[in-house]
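Structure record follows, encoded as structure tokens.
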Amino acid sequence: MTFDIERKRLELCYGTFGTNANGTASSYKGVSERKRRKSSTSSEQSTPHRHTKRSGSGTLSDPAKQQQHEARQQQRWQHLRQTKCHVITIFASGVLFSLLMLILLDFVPSSPHRQTGPLRRVGSEGGRALYAPRHLPDESLLRLADETRVMEPYLPAVTRRKLAKTVEEEQETLTNEQEALGSLKMALEMKHFGKDDKALRLFQHALALSPRHPEILTKYGEFLEHNQQDVVSADQYYTQALTVNPYYSEALANRQRTAQIVEQMDAKRFEALDRKRDALSSIHASNMALKRAEKEAYIQHIYHSVGIEGNTMSLAQTRSILETRMAVDGKSIDEHNEILGLDAALKYINATLVNKNDYITLKDILEIHRRVLGHVDPIEGGEFRRTQVYVGGHIPPGPGDLAILMGRFENWLNSEQVFLMHPVKYAAMAHYKLVHIHPFSDGNGRTSRLLMNTLLMRAGYPPVIIQKQHRHKYYNYLQLANEGDIRPFVRFIADCTERTLDLYLWATSELSHPVPLLAQESMEGMPLIFNSFSEEGSDVGSGSDIGFQWPWLEQWLSVHHTFPFLAHVCLVRCDCVCT
């Protein structure tokens, strides 16, 4: 009853606004009707229990209206699903269209306006266009210099393949190998007929054409062993052949025969060095000739050590910088600073490490390098490198491994096994190991040579001078050590040590002794110096004879650089004879 009264009241209210011509309700009535439906819909969703209660009381709305409402809900959800599907379809179509355009652009020829941009097309690979920066020069210009290796990472893959080994180069290598085997065959024939000179030249020619052929290395080693009686060099070539092919039977058999012989020869060589060291140690430190020789050796060590690295200072200019601290006209600042840095490092070693009764630590090596590079690059001095470097054909370890490798090197440097080695072998191996690690951005060679001389001086040897004229041998022996045989490098350091000892002993001995021929290849055919002094007897003190001999000697030594401080020592000894 209450519901009927309320409905009539509402109809009277709606009727006050009137109806239109079709008998439908007015606009206000439509708005009210929409509000009523909205409120009823929200109430149905939010309060289902109340709706159930009302429906249970017999006041449920018309079933047709409920069906219409449900139909509108389904239409709304269907429209929403269709909209989502349309959006996804449009997005996927855009992605596919973009990929299709990128693929098509690779096959479309470049337009003129594209060539003027920052990139230029250089080819295609696997359906993908390759472009290079517009500012790079043409390939013809890149072939003119060795700087192509620097530009290689910035060139496309096609250009990098052109810089790699081509088929023509492989064919050339095969041709060289065939020619080397032909020369080897002729050398063996000359050896059979007893023509050793021609056989030697043919062996060397074959080795130059194919330096890593195991048969050539083995046959050349056999020739040196049996015809030249050079067992040490023969054993070296057998070892190289086994490095190339560890299962080469002939080289393996020869190596087993010569290994023990060469080891005994090296031991005798070290014993001879020890005897010369002991003879030098017996000379009193107050000997004036020894003091002058040590001072000159100090200057010579700096001159040759920086000269190996490319410094162009002459011996006189190096001496002037060290003695006067005056700049040399026409030379760069870095060349001056390299000399001053090595001078500071040598003074540090002489003041601290030589007489140090403790182990050589990593801190000591860093202090040496700090002084070597302190005048050239103070920031990098005494610090490990932070980038990768490349040294000829050798690629040192990465910067991330330096701390571990240097720690192992320090442990090896102070281990018990190294104290059982001969001091020359120990110093040479320490030199090689530090150069192989290459822990610094610059100054690795100078620091390694200083470390080597530090170990030698602690063992009673004088500092060894590696002459700049022997730089080619020096680097070749280091390369052989990289390939697995460090013995040639140890023997090279032993040769340098013996030359240094011979000069010191000659400088402190009687003048009547002949001058040691410390560079046989450059003094071949020259007469021994000062032989006339012993023959003339009473005329030894004649100043005219000395004045005649010394200018010629000084001029000849300045041209040939036979042994760096020989001229100065000769002058010292002449002064002693005159007095």
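The values are calculated or read from the model by the stated rules, or taken from the named source; none is laboratory data. What you see is a predicted model, and the numbers here were worked out from it, not measured in a lab. In this analysis, Cβ positions are derived from the backbone assuming ideal geometry, glycine residues included, and neighbour counts consider all displayed protein chains. We work out accessible area using only protein heavy atoms, side chains counted, and drop any ligands, DNA or RNA first. Shrake-Rupley method; radii C 1.70, N 1.55, O 1.52, S 1.80 Å.
A few comments on the model shown:
- Residue within region 371-378 that is in contact (Cβ under 8 Å) with a residue 40 or more places away in the chain and crowded, with 20+ Cβ neighbours inside 10 Å present: yes
- Residues of region 276-327 classified as in a loop (DSSP other than H, G, I, E, B) and open to solvent by less than 10 Å² (accessible area, probe 1.4 Å), total: 2
- Any chance Gln388 is within 30 Å of Arg212 (Cα to Cα), in the same structural domain as Leu340 (by the TED database) and surrounded by fewer than 17 Cβ atoms within 10 Å (Cβ to Cβ): yes
- Count - residues of region 461-485 that are open to solvent by 40 Å² or more (accessible area, probe 1.4 Å) and of a type outside the set (Ser, Thr, Tyr): 10
- If you go through region 481-496 and keep only what is over 17 Å from Arg471 (Cβ atoms) and aliphatic (A, V, I, L, M), you end up with Ile486, Val490, Ala494.
- Filter result for the condition that a residue is polar (S, T, N, Q) and open to solvent by 20 Å² or more (accessible area, probe 1.4 Å), over Ser415, Ser448: Ser415
- Only residues that are in a loop (DSSP other than H, G, I, E, B) and under 20 Å from Phe492 (Cα atoms) were counted across region 390-429, and they come to 2.
- The requirement of being loosely packed, with under 13 Cβ neighbours inside 10 Å, in a helix (DSSP H, G or I) and modelled with pLDDT of 90 or more is fulfilled somewhere in region 220-236, by at least one residue.
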